[in-house]
Amino acid sequence: MAVHPYHPYAVAFDVMETLIDLDPLSERFVEIGQPAELLRPWFLRAQRDCMALALAGDLRPFPEVARQALRTASGNTASEEGITHVLEGFGRLPAHPDAEPAMRRLHEAGVRIGCLTQGSRAATTGFLESSGLGRFVETLVTAEEVGVWKPAPGVYHAAAAALETPREHLALVAVHAWDCHGAKRAGCLAGWCSRSEVEYGDVFTAPDAVGATLTDVVTGLLELTTA
């Protein structure tokens, strides 16, 4: 069997929501007197604000932006101590159950594995260690260290360089259509998991593989071959 010209040699996983299950973090919102339902709008605000700063030519660490986003999302009712309590929970969150079998499948296929995140290195490293996923991951690339935020092309190019892989043979795996679009526009492959968004947005460039679970997605990427 001949290798498809775009067969992935390496896969970079998005981390927040793709690998990390954020839902348990809602318990910390309740513990600081905030509604559990604030989790999603806060996280979306933090992502939006990171992108807005980047578009304006600025780059701030995710924890700083997330802290300010929680101040705003809570109507400035969350204390600084409470916000710290919420943010400290990032390193203690569990992985989605499909993360380990997806990485194991890639590892057994000889595909290099990395992570590409907007989050901090410290929190992401803590998550990878506590979840047991770290044993599969060769490299971790953060937007802060690259100096550009997803979905700018440079961050995907940095992941390809870190994994020593031509960008056309690097696949991003994410649950966010906008992230997959960014990877495609940067000349990479993309695999989209429908776990969070259900339907892929038609305003975005189509991914190369789609699946209901991360395992389904990596299976689709590995099948990018021709007879």
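The values are calculated or read from the model by the stated rules, or taken from the named source; none is laboratory data. Fair warning: this is a prediction, and the values are worked out from it, not measured in the lab. Reconstructed Cβ throughout: ideal geometry from the backbone, glycine too, with neighbour counts over all protein chains shown. Calculation scope for accessible area: heavy atoms of the full protein, side chains included, ligands and nucleic acids excluded. Shrake-Rupley method; radii C 1.70, N 1.55, O 1.52, S 1.80 Å.
Average accessible surface for the range 134-227: 41 Å² per residue, computed with a 1.4 Å probe over protein heavy atoms with every protein chain in place. Taken about its Cα centre, the range 115-227 carries a charge dipole of about 160 debye when Lys and Arg each add +1 at the Cβ and Asp and Glu each add -1 at the Cβ.
Our helix-only sum for the chain, with -39,500 (n - 2.57) per DSSP H run of n ≥ 4 divided by its residues, gives a mean residue ellipticity at 222 nm of -12500 deg cm²/dmol. Each Lys and Arg Cβ is given +1 and each Asp and Glu Cβ -1; about its Cα centre, the chain then shows a dipole of about 340 debye. Summing +1 for each Lys or Arg and -1 for each Asp or Glu among the other residues whose beta-carbon sits under 9 angstrom from that of ALA190 gives -1. Looking at the range 24-91, the accessible area is 51 square angstrom per residue; that uses a 1.4 Å probe and ignores ligands, DNA and RNA. Given their separation in residues at 0.36 nm each and the Cα-Cα distance between them, GLU145 and LEU55 gain 30.7 nm when the chain is fully extended. Remark: accessible surface ordering of TYR200, TYR156, TYR9 (largest first) is TYR9, TYR200, TYR156, probe radius 1.4 Å. Per-atom-type breakdown for the range 74-227 gives carbon and sulfur 51% of the accessible area (1.4 Å probe, protein chains only). Label-to-label distance for GLU108 and LEU44 is 3.8 nm, based on points extended 7 Å past Cα in the beta-carbon direction.
Each of ASN76 and GLU199 was given a label point 7 Å from its Cα along the Cα-to-Cβ line. The distance between the two points is 4.0 nm.
Is the shape of the range 88-196 best called rounded, prolate or oblate, per the rule: a/c under 1.5 gives rounded, else a/b larger than b/c gives prolate, else oblate, with a ≥ b ≥ c the square roots of the Cα gyration tensor eigenvalues? Here the range 88-196 falls in the rounded category. Short-range pairs are left out: with C-alpha atoms under 8 Å and at least six residues apart, the relative contact order of the chain is 25 percent. Counting alpha carbon pairs within less than 8 Å and at least 6 residues apart, what relative contact order, in whole percent, applies to the range 24-91? Relative contact order for the range 24-91 comes out at 36 percent. Taking all protein chains together, GLU88, GLU144, GLU108 sort by accessible area into GLU108, GLU88, GLU144, largest first [probe 1.4 Å]. The label point for GLU164 and the one for GLN68, both projected 7 Å from the Cα toward the Cβ, are 3.9 nm apart.
Taking the chain as a Gaussian network, Cα atoms linked when under 10 Å apart, which of GLY110, GLY119, GLY91 shows the biggest mean-square fluctuation? Most flexible of the set in this elastic network: GLY110.
Projecting the Cα atoms of TRP42, LEU55, ILE32 onto the dipole axis of the range 24-91, where Lys and Arg carry +1 and Asp and Glu carry -1 at the beta carbon, places LEU55 farthest toward the positive end. Per-residue accessible area for MET51 at 1.4 Å probe radius, Å² rounded to 10? Around 50 Å² of this residue is reachable by solvent.
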